[in-house]
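The values are calculated or read from the model by the stated rules, or taken from the named source; none is laboratory data. Owing to the predicted nature of the structure, the values given are computational and were not obtained by experimental measurement. Every residue, glycine among them, receives a Cβ derived from its backbone with ideal geometry; neighbour counts consider all protein chains shown. Surface areas here come from the heavy atoms of the whole protein model, side chains and all, with no ligands, DNA or RNA. Shrake-Rupley method; radii C 1.70, N 1.55, O 1.52, S 1.80 Å.
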Amino acid sequence: MKAVTKAYRPISWPMKGAGGDTGTWRTHRPVVDIQKCTKCQICWIYCPEAVIDREESIVDYRYCKGCGVCAAECPTGAISMVKEE
Amino acid sequence: MTTSIKQLPDIEQVLSGNGACGGCPATMGLRVVGKALGSNAIMLLTPSCAVASMGMTPKLGYNWPCINICFASAGSSASGITHAVEIMQEKGRLQGELPTVFTWTGDGGTYDIGFQALSAAAERNDNIIHFCYNNEAYSNTGVQRSGATPRGCFTTTTPTGKRQPKKNLALLMLEHNIPYVATANVAYPGDLYDKVVKAKNTPGTKYIEILAPCYLGWQFDMSETVQMSRAAVRCGAWLLWEAENGKINFNNPSARIISGKKAAEPVDEYLMNQGRFNRLLKGPDATQRIAEIQGDIDREIAFMRERAKITV
Ligand SMILES: Cc1ncc(C[n+]2csc(CCOP(=O)(O)OP(=O)(O)O)c2C)c(N)n1
Ligand code: SF4
Ligand code: SF4
Ligand code: SF4
Ligand SMILES: [Mg+2]
């Protein structure tokens, strides 16, 4: 393929944080009780933000928007939504 | 067998920190779509929440080459690109597997403004996948009615509740004789994944519509996006089906409703949990108007059950 010349250059590039540090939008943060977690990955797949680690159920708070979908869907009640200070 | 959550690939095409609302059903669905399509794809978007969610230049919240096109032209622009990549391959300017060309479009861009170009692309059977994430309104501009808005629903342009039923666009697309049509729902990620994989591996025009309950337009709490999606299927307001070469098959839980093994839940509770039906439920003619909505659902179930029997 031809080299990408200036005329073909896209104006944006894929990057995390395209909407900013969206963690600042949160009013409540999801806190995972690892004791109760069965690693079922349900929270991982439903998180719209892709911020839950699939293997360890750890949340990336820099971008987590605090929607609470993960807490609502967790079958063991391992996730609680805690008010941000 | 439906692919289980644990079997889904790791690849993430929707990047964290994008511009979508918290709890957004569109990004939720697109993540699963990305797992099925992989990175070798070209995405086209018409004006919508999905465009606003891309974030701010020079950053981009989706990990594909993305092209923002005008509202009416999802079908024609995707056709042009798919023909271009085919010709580039013929001329030796593009090696390896052809990228999947897909549109990611709202119900406004599919049912209404984009329908003509989509219909034409389907009639030509151009090699594209058209995705409609259906949040049953023009959400990005503050929730106006669309052809996908159900009867009785409040929007800013239907202040007393919409008076007409929604249209069955997936069925209209099927009647274009295209090789693959499917409906899906963000609460059933394995089902959605399998449908996208099928579409990816089928040449010609494919249409996949994903119900995407939007907390802002539907007026529920954003943590309930998945619950609302599930409730829509359980009351039969949304039917899960797919059609390969014209033959319709229903997927569970809708298959059980269609076969009569399990009755659809009455629509009342589904309506009560959404603010967009509030005014209707509080009005003096509430009983009659709920009966109308229930009537639309019952008719659709009965009609699709019979339509699926036609296999010629
Ligand atoms: C020709 C044209 N008409 C109107 C608009 C304004 N507009 C931008 S996004 C949008 C709503 C799109 O609705 P839909 O396709 O359902 O996507 P959603 O916002 O619900 O995700 C509208 C009306 C536009 N950009 N172009
Ligand atoms: S949904 Fe709950 S149990 Fe399952 S992985 Fe997430 S935190 Fe653990
Ligand atoms: S609160 Fe929302 S964004 Fe944050 S981890 Fe849970 S599902 Fe993801
Ligand atoms: S308005 Fe609805 S569809 Fe649009 S970004 Fe917000 S949650 Fe998603
Ligand atoms: Mg819409």
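What does the extension gain come out to for B:Thr141 and B:Thr202, with contour length at 0.36 nm per residue minus their alpha carbon separation?
Values: separation 61, 0.36 × 61 = 21.96 nm, distance 3.46 nm.
Computed gain between B:Thr141 and B:Thr202 is 18.5 nm.
Normalised Debye scattering of region B:4-53 at q = 0.22 Å⁻¹ gives log10 I(q)/I(0) of -0.88, counting only Cα atoms as equal scatterers and leaving out solvent.
May I ask you to derive the FRET efficiency for A:Ile58 and B:Leu98 from their Cβ-Cβ distance with R0 = 30 Å, giving the value to the nearest 0.05?
Using R0 = 30 Å, I get an efficiency of 0.20.
Relative to the longest principal axis of the Cα atoms of chain B, the long axis of helix B:25-37 makes an angle of roughly 40 degrees. Of B:Thr57, B:Thr205, B:Thr157, which is the most mobile in a GNM of chain B whose springs link Cα atoms less than 10 angstrom apart? Looking only at B:Thr57, B:Thr205, B:Thr157, the largest GNM fluctuation is found for B:Thr57. Surface composition of region A:32-83: carbon plus sulfur atoms hold 52% of the accessible area, using a 1.4 angstrom probe and ignoring ligands, DNA and RNA. Between their Cα atoms, which of A:Lys65/B:Lys6; B:Lys167/B:Lys247; A:Lys16/A:Lys65; B:Lys6/B:Lys198 are more than 22 Å away from each other? In this structure, A:Lys65/B:Lys6 lie more than 22 Å apart at Cα.
Evaluate peptide A:39-47: per residue, the Cβ atoms of other protein chains within 10 Å of its Cβ; return the mean as an integer.
Values: counts 1, 2, 4, 3, 0, 4, 12, 11, 5.
Averaged over the peptide's residues, the number is 5.
The A-B contact accounts for approximately 3200 Å² of buried accessible area, totalled over both chains at a 1.4 Å probe radius. Rounded, prolate or oblate: which fits region B:1-97 when a ≥ b ≥ c are the square roots of the eigenvalues of the alpha-carbon gyration tensor, with rounded for a/c under 1.5 and prolate only if a/b beats b/c? Judged from the Cα gyration tensor, region B:1-97 comes out oblate (a/c at least 1.5, b/c at or above a/b). Principal-axis analysis of the Cα atoms of chain B puts helix B:115-124 at an angle of about 50° to the longest axis.
Each residue of region B:13-24 is assigned a 3J(HN,Hα), and the resulting list reads 9, 9, 8, 4, x, 7, x, 6, 4, x, x, 5 Hz, derived from the Karplus form 6.51 cos²θ - 1.76 cosθ + 1.60 (θ = phi - 60°), x at Gly and Pro. Taking all Cα pairs closer than 8 Å and separated by 6 or more residues, the relative contact order of chain A comes to 37 percent.
Counting each DSSP H run of 4 or more residues in the protein assembly as shown as -39500 (n - 2.57), what helix-only mean residue ellipticity at 222 nm follows after dividing by all residues, to the nearest 500 deg cm²/dmol? If you can, show how the numbers build up before the last one.
Numbers: 14 runs with 124 residues, N = 397.
Only helices count here, giving -9000 deg cm²/dmol.
Phi-derived couplings, Karplus 6.51 cos²θ - 1.76 cosθ + 1.60 at θ = phi - 60°, listed residue by residue for region B:55-62: x, 9, 3, x, 9, 9, x, 10 Hz, with x used for Gly and Pro. Ranking of A:Cys67, B:Cys132 by solvent-accessible surface, largest first: A:Cys67, B:Cys132 (1.4 Å probe, protein heavy atoms only, all chains present).
Across peptide B:220-231, the mean count of Cβ atoms from other chains lying within 10 Å of each residue's own Cβ comes to 4.
For region B:132-262, the solvent-accessible area with a 1.4 angstrom probe is 34 square angstrom per residue. Relative contact order of region B:5-307, taken over Cα pairs closer than 8 Å and 6 or more residues apart, is 16 percent.
Can you put B:Arg230, A:Arg26 in order of accessible area, largest first, using a 1.4 Å probe?
Working: B:Arg230 55, A:Arg26 30 Å².
From most accessible down to least: B:Arg230, A:Arg26.
Scoring B:184-190, B:105-111 by mean Cβ neighbours within 10 Å over their residues and listing the highest first yields B:105-111, B:184-190. Per-residue mean of foreign Cβ neighbours for B:52-58 is 5 (Cβ atoms of other chains, 10 Å radius).
Taking 21 Å as the straight-line reach from the Cα of B:Lys282, the lysines in range (excluding those fewer than 8 positions away in the same chain) are B:Lys162. Each label point was placed 7 Å from the Cα along the Cα-to-Cβ direction; for B:Ala302 and B:Gln116 their separation is 3.6 nm. Shown are A:Trp25, B:Trp241, whose ranking by accessible area with a 1.4 Å probe and every protein chain present, most to least, is A:Trp25, B:Trp241.
Computed from backbone phi with θ = phi - 60° and the Karplus coefficients 6.51, -1.76 and 1.60, the 3J(HN,Hα) list for region B:41-47 is 8, 10, 10, 10, 10, 9, x Hz; x is used for glycine and proline. Amide H contacts under 5 Å for B:Ala41: B:Thr100, restricted to partners 5 or more places along the chain or on a different chain, H placed in the peptide plane at 1.01 Å from N. Along its first, second and third principal axes, ordered by size, the protein assembly as shown spans 67, 60, 42 Å in Cα coordinates. Here the label points at B:Thr160 and A:Trp25, each 7 Å from Cα along the C-beta direction, are separated by 3.6 nm in the simple model. For trypsin sites (Lys or Arg not before Pro), the sites in region B:56-160 that DSSP calls loop and that have at most 13 other Cβ atoms within 10 Å are B:Lys91, B:Arg93. The label point for B:Lys309 and the one for B:Glu12, both projected 7 Å from the Cα toward the Cβ, are 4.9 nm apart.
Taking the Cα centre of the protein assembly as shown as the origin, how large is its charge dipole in debye, to the nearest 20, when only Lys and Arg (+1) and Asp and Glu (-1) carry charge on their Cβ atoms? It would help to have the intermediate numbers written out before the result.
On the way: 43 positive and 37 negative charges, 68 e Å.
It comes to approximately 320 debye.
Note on region B:35-188: antiparallel DSSP beta bridges, both residues inside, total approximately 15 percent of the bridges counted.
How large, in percent, is the carbon and sulfur part of the accessible surface of region B:17-134 at a probe radius of 1.4 Å? Display every interim value, and only then the final one.
Details: 2250 of 3940 Å².
Here carbon and sulfur together make up 57 percent of the probe-accessible area.
Against the main long axis of the alpha-carbon atoms of chain B, helix B:189-200 sits at an angle near 40°.
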